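The values are calculated or read from the model by the stated rules, or taken from the named source; none is laboratory data. Because the structure is predicted, anything quoted here is derived from the model rather than measured. Note that each Cβ is placed from the backbone with ideal geometry, even for glycine, and that neighbours are counted across all protein chains shown. In case anyone asks, the SASA skips ligands and DNA or RNA and just uses the protein heavy atoms, side chains included. Shrake-Rupley method; radii C 1.70, N 1.55, O 1.52, S 1.80 Å.
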Amino acid sequence: MTDTRYLVHGVFWDGPPPGSSPAAGSKAADPAKAMDDAGGPVLRLQSPEGDFRELGLHSGARLGFRVAQPGRFCLGHVQVQSAGSRSHILCGSRVPAARGKQCERCFVLDESRLMHDFHRGGRVTPGLRDYLMQEHWLYIATFAGGATKVGTASGPRKWSRLAEQGAATAAYVARAQDGRVVRILEDLVTAEVGLTQQVRSAAKADALLQPLPAADLLATNARAAAEVRALLARTAVDGFETVAEQWVRPAQADALHGPGQRHPYPHALDQGQHGFRITALSGANVLARLDGTDAVFVVNLSQLAARTITLGDYASEVPAVQESLF
Ligand SMILES: [Zn+2]
């Protein structure tokens, strides 16, 4: 057990997509990750010295932590050097987060924010321009409750972006020459088809308590994707081609999207001690088994982002009234 206080950055699904050789991934040396069917989902933590540590969230892993202090603290900001390189700049002042997960200063300095205004004529740095000028994908994602969104992913993040979102099913509808064209298409889809660009994290977690049947979600997604492809076929925008390609969901998400009884995690993640075994993971949502009960719970780890924790052999308290769970 250690008393090191870590700042939680969140859940990341970097690594090779399903079906690709583990050797193709830069982090394949980690046996825990090589065992995974896809990606290598981790909880990324920042130590007080500023270096990063990653906890594997594969099925069977145990996660135990204590929230060390109340509130959220600034996660710093991102600087984009080129298409394939970005660095994370720590917050100099280590202050409480004023805007979500950042302080005012880091929010202003964050370059990943600028990419959303590039296609409207916003100014970008040379590194960010290099990043944005690479190939991008437009996708349609459907979540466990049927909510469907349009979104974009850069070439290298084509698969992992959707894994991090926790989609139930998704399809790529266009390959664009750069990040400017793809965001023009994204806005067009929202304006003409009415698809949202964001589904809230709490809504995704709620939907996983009672996911709709896979066939229904596939049909919903296919309908929306077809409508978008028809729109793209008649648009005057240049610099993309329409595609029909399914995203492959990681197998370790299956248990969360399939039928079966599960319950909302009974404790808030803004305080206290927590410990459970991971049996499945979709996006940032864990299907967790608590010690002393056969019931499984959906834990939304995105609630931990920007919070300070210490790691240890903790166990979540099982809700007192078991009958209410069944
Ligand atoms: Zn800051």
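Using a simple spin-label model with pseudo-atoms 7 Å out from Cα toward Cβ, Asp130 and Ala203 lie 3.7 nm apart. Between Leu109 and Asp238, how high is the FRET efficiency from 1/(1 + (r/R0)^6) when r is the Cβ-Cβ distance and R₀ = 35 Å? Nearest 0.05. The formula returns an efficiency of 0.55 here.
Secondary structure note: in the chain, about 95% of the DSSP beta bridges are antiparallel. Remark on Arg86: its backbone amide H falls under 5 Å from those of Gln81, a criterion applied only to residues 5 or more positions apart or on other chains, H modelled at 1.01 Å from N.
Could you sort Glu241, Glu111 by their accessible area in this structure, using a 1.4 Å probe and putting the largest first? Don't skip to the end; give the middle numbers.
Values: Glu241 80, Glu111 25 Å².
Correct descending sequence by accessible area is Glu241, Glu111.
Axis of helix 214-233 versus longest Cα principal axis of the chain: the two differ by about 30°, to the nearest ten degrees. Our Cα-only numbers for segment 118-249 put the radius of gyration and Dmax at 14.7, 46 Å. 3J(HN,Hα) along segment 273-286, derived from phi through the Karplus expression 6.51 cos²θ - 1.76 cosθ + 1.60 where θ = phi - 60°, amounts to 10, 9, x, 7, 9, 7, 10, 6, 8, 10, x, 10, 9, 9 Hz, with x in place of Gly and Pro. An oblate overall shape is assigned to segment 35-192, the ratio a/c of its alpha-carbon gyration tensor axes (a ≥ b ≥ c) being 1.5 or greater and a/b not exceeding b/c.
Restricting the GluC sites (Glu not before Pro) of segment 113-211 to loop positions (DSSP other than H, G, I, E, B) with no more than 10 neighbouring Cβ atoms within 10 Å leaves nothing. Within segment 101-135, which residues have the backbone N less than 15 Å from the label spot 7 Å out from Gln177 along Cα→beta-carbon, could you tell me? In segment 101-135, the label zone of Gln177 (backbone N under 15 Å from the point 7 Å along Cα→Cβ) covers 132-135. Take the chain with all the other protein chains still there, run a 1.4 Å probe, and you get 46 Å² of accessible area per residue. What list of ³J(HN,Hα) values in whole Hz, one per residue of segment 104-121 in order, does the Karplus curve 6.51 cos²θ - 1.76 cosθ + 1.60 (θ = phi - 60°) give from phi, with Gly and Pro shown as x? For segment 104-121, the Karplus-derived couplings read 4, 5, 5, 4, 5, 7, 5, 7, 5, 5, 5, 5, 7, 10, 4, 6, 9, x Hz, x marking Gly and Pro. Once both axes come from the Cα atoms, what is the angle between helix 179-193 and the longest principal axis of the chain, in degrees from 0 to 90, rounded to 10? Taking the Cα atoms of the chain, the angle to 179-193 is about 90 degrees.
Measuring with a 1.4 angstrom probe and ignoring ligands and nucleic acids, Met115 comes out at about 10 Å² accessible.
Model label sites at Ala98 and Ala191, defined 7 Å from Cα along the beta-carbon direction, differ in position by 3.4 nm.
Looking at the chain, how many pairs of lysines come closer than 21 Å at the Cα, when each pair is eight or more places apart or spans two chains?
Pairs that pass both the separation and distance tests number 6.
Here the sum of -39500 (n - 2.57) over DSSP H runs of 4 or more residues, divided by the residues of the chain, equals -6000 deg cm²/dmol at 222 nm, to the nearest 500.
Considering only Cα atoms, the convex hull volume of segment 190-277 works out to 160 Å³ per residue.
Taking the square root of 5 times each eigenvalue of the Cα gyration tensor, what semi-axes in Å does the equivalent ellipsoid of the chain have, largest first?
Numbers: eigenvalues 209, 131, 64 Å².
Rounded to whole Å, the semi-axes are 32, 26, 18.
For segment 269-289, the residues whose backbone nitrogen is under 19 Å from a point 7 Å from the Cα of His88, taken along Cα to Cβ, are 283-285.
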